[in-house]
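This report refers to the structure that appears directly beneath it.
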Amino acid sequence: MSLASGLLEARRALGANRLRTLLTLLGMIIGVAAVVVVVALGQALQQKVVSDLQSFGADLMWLSPGARSASGVRVRATTLTLDDARAVHELPGVARVAPVIAAQAQATFGGNNWQAVAQGVTPEFLELNNRTVAVGRSLQESDVRGAARVVVIGQTVVDQLFGTDGEDPIGKFIRMKGVPFEVVGVLDVKGKAFGGNDQDDLVLVPLTTVPRALGTSLPPGSISYAMIQVARGAVSSDVAFEVANLMRERHRIAPGDPDDFTLGDMSSLISTMGRITGAITLVLGAIGAVSLLVGGIGIMNIMLVTVTERTREIGIRMAIGAKRRDIMLQFLAEAAAICLVGGAIGLLLGAGAAVLAARTMDLPTGLQPSVLLLAFGVSAAIGLFFGFYPARKAARLRPVEALRTD
């Protein structure tokens, strides 16, 4: 029996009991669609996380207060100072340092108000975060030197304070803790980052303005954290080693005692998050594969029932000259037909669902051709694997005993 004649015979046999065939197809359709959706969304999540982190640049580090011991209890340290940031800037291998002082403040304009985190920064902060000003101007060194009461705000803050009707905020004054600040710039729109963090909910003021005009819970001269850019050609791990040694020396930390600061780098974070999201994708794919396995078991069950129902037919075919190989090929063709048709429909439904889900969750489309080919190949393999035993059972029937079956 040729493959073409086997498939034609499979079509006739499967069409004889359409409801049963449809229910068996449904198991494969759901299984393939589930694999495509969960793997595509897992890959989309991985792309989103890595893309968001890479937008900051792989050559960045951040230095923040860690913890210190107080009466045997670990408490958050507040020993990171502006002088520390300046000392780090002097290290070889460090291109730029952007210290930051954060303060909670309610921003108001007219009858509108918005709870914001005002961040005291230097002009380097915008450069290290790949942010540009869409309207107006950026913060300048002269603003920092003079502790100017000016702000650069994100689009979310613009919408909350000035409405969405297009009112120009440039030159207007907003108040934070009763202090007027002139809006000199509006940042470009970035949208939400991984985790739902709104990258446009920003109020940037000159670094020196925060402690003078808004106040802070930090000790005088302290900063909330600092961003560090590694110089071109320098090795991040070597720079991190030098920064850590400098901080331990400046903070007079004895050998063996824990650091009172935290130092991280973007390349390590990107690698770690890539591994985590990759593992999540693998787990999701394994969960989706379970539904394919269930569909395969359903195919085996239906094929065994089919063999039992068609025992007399099998005996007649053998009696008129059909070989065991032909009988096996016939039933394998039927199982493969179910899987191929179900797999094709499942691919279409899964691809559509994956694209729709990605758009709904504001994720990139993680649908790769390799995912589709893998899901389709696995569905075909499952058909052959779970169809082999029923086909072998049919081929091993004895013609005389099969013909006696009612």
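The values are calculated or read from the model by the stated rules, or taken from the named source; none is laboratory data. All values reported here derive from a predicted model rather than from experimental measurement. Backbone-built Cβ (ideal geometry, glycine too); neighbour counts: all protein chains shown. Note: areas computed on protein heavy atoms with side chains; ligands, DNA, RNA excluded. Shrake-Rupley method; radii C 1.70, N 1.55, O 1.52, S 1.80 Å.
Grab the helices (runs of 4 or more DSSP H) fully contained in the range 1-116, keeping just those with 2 or more residues being at pLDDT below 60 and either hydrophobic (A, V, I, L, M, F, W, C) or touching a strand residue (DSSP E or B) at 6+ places or on another chain (Cβ under 7 Å) (or both).
It comes to 3-15.
For the range 321-379, enumerate the residues that are of a type in the set (S, T, Y), more than 30 Å from V307 (Cβ to Cβ) and in a helix (DSSP H, G or I).
T360, S370
So G256 clears everything in (1) in contact (Cβ under 8 Å) with a residue 12 or more places away in the chain; (2) open to solvent by 50 Å² or more (accessible area, probe 1.4 Å); (3) part of a loop (DSSP other than H, G, I, E, B) except one condition, right? Which one?
Only one criterion in (1) in contact (Cβ under 8 Å) with a residue 12 or more places away in the chain; (2) open to solvent by 50 Å² or more (accessible area, probe 1.4 Å); (3) part of a loop (DSSP other than H, G, I, E, B) is unmet by G256, namely (1).
Of everything in the range 220-243, what is within 20 Å of N130 (Cα to Cα) and part of a strand (DSSP E or B)? Give them in sequence order.
Y225, A226, M227, I228, Q229, V230 - these are the residues of the range 220-243 that are within 20 Å of N130 (Cα to Cα) and part of a strand (DSSP E or B).
Pick from the range 97-136 the residues that are of a type in the set (S, T, Y) and in contact with an Asp or Glu (Cβ under 8 Å, 6 or more places away or on another chain): which of them is least open to solvent (accessible area, probe 1.4 Å)?
T122
Just give me the residues in the range 180-218 being modelled with pLDDT under 85 and not in a strand (DSSP E or B), in sequence order.
Residues satisfying the conditions are K190, G191, A193, F194, G195, G196, N197, Q199, G215, T216, S217, L218.
Residue under question is G274, and the condition is that it be in contact (Cβ under 8 Å) with a residue 40 or more places away in the chain and touching a helix residue (DSSP H, G or I) at 6+ places or on another chain (Cβ under 7 Å); does it hold?
Yes; evaluated as a whole, the condition is true for this residue.
Would you mention how many residues in the range 175-209 are more than 24 Å from G111 (Cα to Cα) and more than 26 Å from the chain's Cα centre (by Cα)?
Result for the range 175-209: 4.
For the range 218-236, how many residues are open to solvent by 60 Å² or more (accessible area, probe 1.4 Å) and touching a residue at least 12 places away in the same chain (Cβ under 8 Å)?
Residues in the range 218-236 being open to solvent by 60 Å² or more (accessible area, probe 1.4 Å) and touching a residue at least 12 places away in the same chain (Cβ under 8 Å): 3 in total.
Would you mind stating whether G387 is crowded, with 21+ Cβ neighbours inside 10 Å, outside any loop (DSSP other than H, G, I, E, B), within 25 Å of the chain's Cα centre (by Cα) and not aromatic (F, W, Y)?
So G387 does not fit the description; no.
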